[in-house]
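A quick write-up on the structure given underneath.
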Amino acid sequence: MQFTNRISAGRALANKLKTYANRSDVIVLALPRGGVPVAYQVARALNVPLDVFVVRKLGVPGFEELAMGAIATGDVRLLNEDVVNYLGISDDLIDLVAAREQRELERRDWLYRGAAKPLSVEGRTVILVDDGLATGSTMRAAVKALKRLGPAKIVVAAPVAARETCESFKTDVDSTCVCVMSPEPFQGVGLWYRDFSQTTDEEVCYLLKHAKEPPRKHAA
């Protein structure tokens with residue numbers, strides 16, 4: 001099975017989250033950029049607010065797809081100690097990569113939200129959405145950062161995830177994890193999409209703008 005694109009993936013994921021529909025205590029937070037088109041479909045289907053939560057992966061220099069950790073809004077840094085120790089990555093190199101990604105995190109946060117305050121998560125159920133979970137390091141950083149803000153519950157949600165990663169969220173970070181598919185072997189998120197083209201900043205801004213409109217006024 002493959003999803004046609006992030007739109008179809010988001011609709012499939014929304015079907016798994018129907019129990020959260022039309023609840024005033026629920027919000028959807030997307031991990032940009034790829035998680036935003038997925039989360040948009042989820043938020044529209046559930047009729048709940050949508051916002052972004054900016055997290056940046058810390059890629060291994062020269063092998064950027066391999067995550068050695070992640071950072072998130074709120075000065076959160078989470079390292080994949082197994083990767084760091086196995087490759088012998090120095091603290092100085094980690095700091096260098098983290099500083100670069102911090103600049104990008106701040107740029108995106110301003111671009112997507114401007115001076116507007118983020119949605120309050122205190123006491124609410126937060127559905128945290130990405131387009132897929134491989135190692136899950138980016139999502140773990142997001143969960144860690146969100147817990148500091150006092151949500152009542154965090155639901156990690158993705159159309160596709162490595163089975164071991166999905167299970168780890170239930171034990172490692174005490175979160176509910178909802179996935180449409182957990183295929184084995186997993187190999188990579190993009191494999192499970194026919195169209196996995198990069199989501200642009202313009203698309204993110206467009207979706208966040210229209211997410212504020214009543215569902216009946218804006219076609220998916």
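Stretching A116 away from N5 to a fully extended chain increases their span by 37.0 nm, per 0.36 nm per residue minus the current alpha-carbon distance. Note on segment 6-217: antiparallel DSSP beta bridges, both residues inside, total approximately 35 percent of the bridges counted. By the count of neighbouring beta-carbon atoms within 10 Å, fewest first, M68, M181, M139 end up ordered M181, M68, M139. Within straight-line reach of K147, meaning a Cα separation under 18 Å, sit the following aspartates and glutamates at least 8 residues removed in sequence or on another chain: D25, D51, D75, E122, D130, D172, D174. Taken over segment 95-190, the convex hull of the Cα atoms encloses 123 Å³ per residue. Which entries in the list K117/K212; K16/K170; K144/K212 go over 24 Å, if you measure between the two C-alpha atoms of each? The answer is K144/K212.
Across segment 57-69, computed HN-Hα scalar couplings (Karplus, 6.51 cos²θ - 1.76 cosθ + 1.60, θ = phi - 60°) run 6, 9, x, 5, x, x, 9, 4, 6, 8, 7, 9, x Hz from first to last residue, x flagging Gly and Pro. Entry for the chain at q = 0.11, 0.17 Å⁻¹: log10 I(q)/I(0) = -0.50, -1.26, Debye formula applied to identical alpha-carbon scatterers, no solvent contribution.
State to the nearest 20 debye the size of the charge dipole of the chain about its Cα centre, where the only charges are +1 on K and R beta carbons and -1 on D and E beta carbons. Walk me through the numbers before you get to the answer.
Numbers: 29 positive and 27 negative charges, 244 e Å.
Charge dipole, the chain, about its Cα centre: 1180 debye, nearest 20.
Of the peptides 10-17, 84-91, the ranking by mean beta-carbon count within 10 Å, highest at the top, reads 10-17, 84-91.
None of the figures in this text is laboratory data; all of them are computed from the coordinates on show. Model, not experiment: these values are computed from the prediction. Note that we place each Cβ from the backbone using ideal geometry, even for glycine, and neighbour counts take in every protein chain shown.
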